[in-house]
């Protein structure tokens with residue numbers, strides 16, 4: 001194997017995932033034992049560590065997967081192989097700098113991007129290099145792009161724009177006006193997630209077409225109609241995050257009309273693909289197929305939840321509660337992570353065909369993953385319903401009393417979160433070991 | 001360029017044009033708040049809020065972490081207010097770390113929270129619900 005740079009992205013992605021679950025677990029302990037690590041690693045530090053790690057998992061694994069497909073499956077001559085390496089080292093060094101920034105308490109940023117804002121510059125440069133390399137490579141070598149090439153191109157371009165937009169608060173025009181500031185902050189976050197979804201859903205469609213050995217999954221009017229609908233969602237569908245902020249009602253009207261159709265998009269595509277898949281195709285890429293089916297189930301669950309709280313009258317009661325967390329966990333773990341793990345399995349099956357996907361740890365890990373995630377998600381929903389009831393239907397009960405009444409629910413969140421962590425370790429470790437072996441060989 | 005590709009590029013161009021117009025409107029619209037800029041003291045409070053990751057546990061308009069309470073209207077809530085906020089800042093109750101804010105810093109955080117409080121309500125108990133599923137929020141404008 002000549003060019004191993006894509007594997008470096010995937011290896012560090014899996015390491016980020018493992019770090020992310022450790023920080024996530026430690027954070028959940030603080031809900032049940034408030035004094036736990038309070039002086040050394042308080043929740044205010046643990047949460048940025050957790051968020052940074054899991055976002056890194058999504059971004060690095062998506063990037064590594066795209067590079068791998070283009071180089072090793074599509075056999076395209078990359079515009080510049082040096083740029084891939086430069087991209088990796090920029091991300092690696094920035095990642096280390098971000099962890100250092102968080103560890104030293106130099107957190108001058110905001111929720112989700114807590115690190116010192118200067119570090120956004122190398123991240124943007126990394127995305128820019130990725131974009132230049134991607135478009136220059138495809139420009140003369142591929143005509144009649146299938147939809148996943150459009151999706152990846154869109155994801156990279158909009159990632160650059162919305163990451164920059166997330167830092168507009170540095171300008172006094174935004175920073176000095178609370179409502180404008182919060183509105184733009186959450187607008188950028190919504191579209192930022194939409195951008196990585198373009199990368200991840202593009203990967204899902206790519207995998208489907210490769211597993212089925214039929215590229216028609218990624219072509220045709222329907223699939224492009226859904227792509228454009230997804231793009232419109234990315235651009236205008238963010239405002240369900242901010243229904244309750246006193247911003248202009250027209251922004252909310254637009255969001256209400258457009259919000260959350262993207263789940264229907266992917267569900268439709270996967271449903272059509274599953275129907276026409278032969279048994280032989282499924283067996284060839286058994287584990288990648290199983291993880292894509294898991295994401296199918298989570299799309300269905302999140303579709304129901306998302307459609308419900310895109311209705312302002314329901315959003316009114318769910319906003320600011322753990323129901324929002326259930327939704328974000330359902331999407332980042334249930335959908336994004338399962339698609340990306342499917343991609344890692346696909347990559348491993350290509351670089352090491354003898355890799356045993358039926359080994360005990362992976363099979364049981366997949367089962368534990370599905371069960372734990374579902375129960376974890378249900379626990380978050382229960383916590384959210386109870387908090388909403390406290391906010392709107394109870395009187396004279398202090399916040400601390402409400403939190404104490406949720407003790408049993410928080411324990412269940414920790415227990416199922418622990419199960420989820422174990423399952424991810426069981427699945428990731430064999431993959432990581434194989435990838436490192438191939439990298440060293 | 002093939003006609004199929006041209007069509008796709010055209011759709012993307014239309015969407016990007018719409019996005020540009022939309023962004024300009026969002027960035028420049030006057031919201032339903034009292035259009036008052038943050039004072040220098042409140043800006044200092046905002047910086048402290050960010051540098052100490054208060055958003056990790058607390059929410060403003062329901063956005064933030066859920067370990068601590070929402071603080072949108074803490075300044076004007078009955079039995080709460082400036083002294084209540086100050087008392088919590090350096091006490092380190094439950095999972096909240098013990099901060100060592102000076103009196104000046106405490107005042108800055110209070111000024112920031114007071115400003116936020118002046119922009120609207122959360123939870124918005126007096127909102128009106130429409131049969132279409134729409135919610136009209138009560139504003140402070």
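Please treat every number below as a calculation from the coordinates, not as lab data. Everything numeric here is computed off the predicted structure, so don't read it as measured data. Counting neighbours? That spans all protein chains shown, and the Cβs are built from the backbone with ideal geometry, glycine included.
Segment A:7-76: D in µm²/s via Stokes-Einstein (Kirkwood Rh, Cα pairs, 20 °C, 1.002 mPa s)?
Stokes-Einstein gives a translational diffusion coefficient of 162 µm²/s.
Which semi-axis lengths, in whole Å and largest first, follow from the square roots of five times the eigenvalues of the Cα gyration tensor of segment A:105-216?
Here the semi-axes work out to 33, 15, 12 Å.
I'd like the orientation of helix A:147-165 relative to chain A: the angle between its Cα long axis and the longest Cα principal axis, in ° from 0 to 90, rounded to 10.
So the inclination is approximately 40 degrees.
Report, as an integer, the average count of C-beta atoms from other chains found within 10 Å of each Cβ along A:296-308.
Counting Cβ atoms of other protein chains within 10 Å of each residue's Cβ and averaging gives 0.
As a footprinting exposure proxy, order B:126, A:214 by other Cβ within 10 Å, with the fewest listed first.
Final ranking by Cβ density, sparse to dense: B:126, A:214.
Could you work out how far helix B:103-119 tilts from the main Cα principal axis of chain B, as a 0 to 90 degree angle to the nearest 10?
The helix B:103-119 is inclined about 50 degrees to chain B.
Report, to the nearest 10°, how far helix A:262-275 tilts away from the longest principal axis of the Cα atoms in chain A, using its own Cα long axis and a range of 0 to 90°.
40 degrees
Mean residue ellipticity at 222 nm from the helices of chain B, using -39,500 (n - 2.57) per DSSP H segment of n ≥ 4 over the full residue count, to the nearest 500 deg cm²/dmol?
The helix contribution divided over chain B gives -15000 deg cm²/dmol.
For chain A, modelled as a GNM with alpha-carbon contacts under 10 angstrom, which of A:103, A:340, A:113 fluctuates the most?
A:103
What do the square roots of 5 times the Cα gyration tensor eigenvalues come to for segment A:66-141, in whole Å, largest first, as semi-axes of the equivalent ellipsoid?
Semi-axes, largest first: 31, 11, 9 Å.
Give me A:231, A:26 ranked fewest to most by other Cβ atoms within 10 Å of their Cβ, as a rough exposure proxy.
So the ranking, lowest neighbour count to highest, is A:26, A:231.
Beyond 28 Å, what share of the Cα-Cα pairs of chain B is found? Please give it as a whole percent.
Tail of the P(r) past 28 Å holds 38 percent of the pairs.
What whole number of Å gives the distance from the Cα centroid of segment A:101-176 to the Cα centroid of segment A:288-348?
23 Å
Pick from A:300, A:429, A:171: which is most flexible by mean-square fluctuation in a GNM of chain A where alpha carbon atoms under 10 Å apart are linked?
Answer for the Gaussian network model of chain A: A:171.
Rounded to two decimals, what ratio of Rg to Rh does segment A:5-140 give with C-alpha atoms and a Kirkwood Rh?
1.06
Would you mind ranking B:27, B:122 so that the residue whose beta carbon has the fewest other beta carbons within 10 Å leads the list?
In order of increasing Cβ crowding within 10 Å: B:27, B:122.
Relative contact order of chain B: what whole-number percent is it, with Cα pairs under 8 angstrom and at least 6 residues apart?
26 percent
How big is the shadow of the Cα convex hull of segment A:161-231, averaged over all directions, in nm²?
Average projection, Cα convex hull of segment A:161-231: 5.4 nm².
Which percent of the Cα-Cα distances in chain A go past 41 Å?
Every Cα pair in chain A considered, those over 41 Å come to 12 percent.
Between segment A:184-228 and segment B:110-141, how many Å separate their Cα centres?
36 Å
Which one of A:145, A:127, A:169 has the biggest mean-square fluctuation once chain A is modelled by GNM with Cα springs under 10 Å?
Taking springs between Cα atoms under 10 Å, the residue moving most is A:145.
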